[in-house]
Amino acid sequence: MGKNKKITRRDFMAAAGGTLVSIGLPGVFVKLMDSENRALAAELRPDGRPRIPPGQHAVKALPNMGGTRGDRTVSNWRLEIGGEAAEPRTLKYDDLMDLKQMDLTCDVHCVTGWTLLDSRWRGVPVKTIMDLVQVKDSARFVIFEAAGDYSSNIPISEARKDNVILAHSYAGSDLPHIHGAPVRGLVPDRYFYKSVKWLKAIRFEAVDEPGYYESSGYSNSADPWKEERFD
Ligand SMILES: Nc1nc2c(c(=O)[nH]1)N[C@H]1C(S)=C(S)[C@@H](COP(=O)(O)O)O[C@H]1N2
Ligand SMILES: [Mo]
């Protein structure tokens with residue numbers, strides 16, 4: 001997908017119904033039975049929203065959606081944190097591990113239509129990072145940057161939520177490289193393209209900077225329950 005190519009609803013439906021050409025790699029997506037999906041769709045989350053957002057179906061395992069892989073390991077990984085912050089910092093992996101850790105069980109929702117329920121992650125809340133670097137009042141958006149030209153953006157009000165973390169572990173083990181090791185962003189309540197794999201920088205900005213998908217026709221707000229797939 002070219003960075004500035006607009007994805008139309010028709011392209012998307014074609015991709016979602018057949019081989020996934022626009023997003024990620026073609027792969028095996030093992031779906032739950034329709035009856036199981038209907039039962040799950042009727043379940044409500046503690047916040048009252050349906051367990052399965054509209055137009056999504058549950059899968060049994062986390063698909064590998066590809067992307068330009070990072071080349072960092074635990075020993076040479078660095079996270080540059082800057083922008084509108086009084087105390088910009090560069091963290092090593094050990095520095096991240098020294099911060100207060102959080103276990104999170106959550107559901108994730110890819111814009112191509114799959115949802116993985118009850119995925120288990122461990123990491124550090126983005127809120128903790130914001131406190132560490134003393135984000136200024138002028139900051140209104142958080143930009144997550146990865147290897148290659150991938151980035152994504154969320155409003156700072158979203159970033160403060162308890163379930164928005166930097167994840168280094170998945171399902172009780174170190175994060176696999178295909179899923180963004182050493183560290184990825186995790187923004188469970190937005191479409192999964194907001195969860196940046198192979199994270200290398202975080203910037204706090206006064207002005208929004210739509211990321212890779214957001215500047216290619218996908219929704220900037222990306223709320224799965226409002227089915228905000230496209231702008
Ligand atoms: N760096 C980077 N992060 C990325 C992507 C990518 O291509 N590059 N793809 C996004 C999309 S569209 C999805 S659905 C998830 C997929 O994560 P997974 O491969 O671990 O399932 O990662 C998101 N983060
Ligand atoms: Mo995705």
Within the stretch 134-169, of all residues that are in contact (Cβ under 8 Å) with a residue 60 or more places away in the chain and among the hydroxyl-bearing types (Ser, Thr, Tyr), the one farthest from residue 185 (Cα to Cα) is 138
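Which ones in the stretch 210-231 are within 16 Å of residue 153 (Cβ to Cβ) and in contact with a Gly (Cβ under 8 Å, 6 or more places away or on another chain)? So that I can check it myself, show each step before the final result.
Restricting attention to the stretch 210-231, the residues satisfying the condition of being within 16 Å of residue 153 (Cβ to Cβ) are 210-223, 228, 231.
Once the filter is applied, which keeps residues that are within 16 Å of residue 153 (Cβ to Cβ) and in contact with a Gly (Cβ under 8 Å, 6 or more places away or on another chain), the stretch 210-231 yields 216, 231.
Collect the residues in the stretch 93-116 that are free of Cβ contacts under 8 Å to residues at least 60 places away in the same chain and open to solvent by less than 50 Å² (accessible area, probe 1.4 Å), keeping them in residue-number order. Before the answer, list the steps.
We begin by selecting, within the stretch 93-116, every residue free of Cβ contacts under 8 Å to residues at least 60 places away in the same chain; these are 94-95, 98-101, 103, 105, 116.
Listed by number, the residues that qualify are 99, 101, 116.
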Would a scan of the stretch 176-195 turn up a residue that is open to solvent by less than 20 Å² (accessible area, probe 1.4 Å) and of a type in the set (S, T, N, Q)? yes
Filtering strands (runs of 3 or more DSSP E) wholly in the stretch 73-177 for at least 2 residues that are away from ligand 2 (no atom under 16 Å from the Cβ) and either acidic (Asp, Glu) or under 30 Å from residue 36 (Cα atoms) (or both) gives 102-109, 114-125, 165-170
Quick one: would you say residue 207 is in contact (Cβ under 8 Å) with a residue 12 or more places away in the chain, within 25 Å of residue 72 (Cα to Cα) and in a loop (DSSP other than H, G, I, E, B)? no
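Do you know which residues across the stretch 79-92 are more than 16 Å from ligand 1 (Cβ to nearest atom) and open to solvent by 20 Å² or more (accessible area, probe 1.4 Å)?
83, 84, 86, 87, 88, 89, 90, 92
The values are calculated or read from the model by the stated rules, or taken from the named source; none is laboratory data. Since the structure is predicted, the reported quantities are computational estimates derived from the model, not experimental observations. So basically every Cβ, Gly included, is an ideal-geometry build from the backbone, and we count neighbours across all protein chains shown. SASA here: full protein model, heavy atoms, side chains in, ligands and nucleic acids out. Shrake-Rupley method; radii C 1.70, N 1.55, O 1.52, S 1.80 Å.
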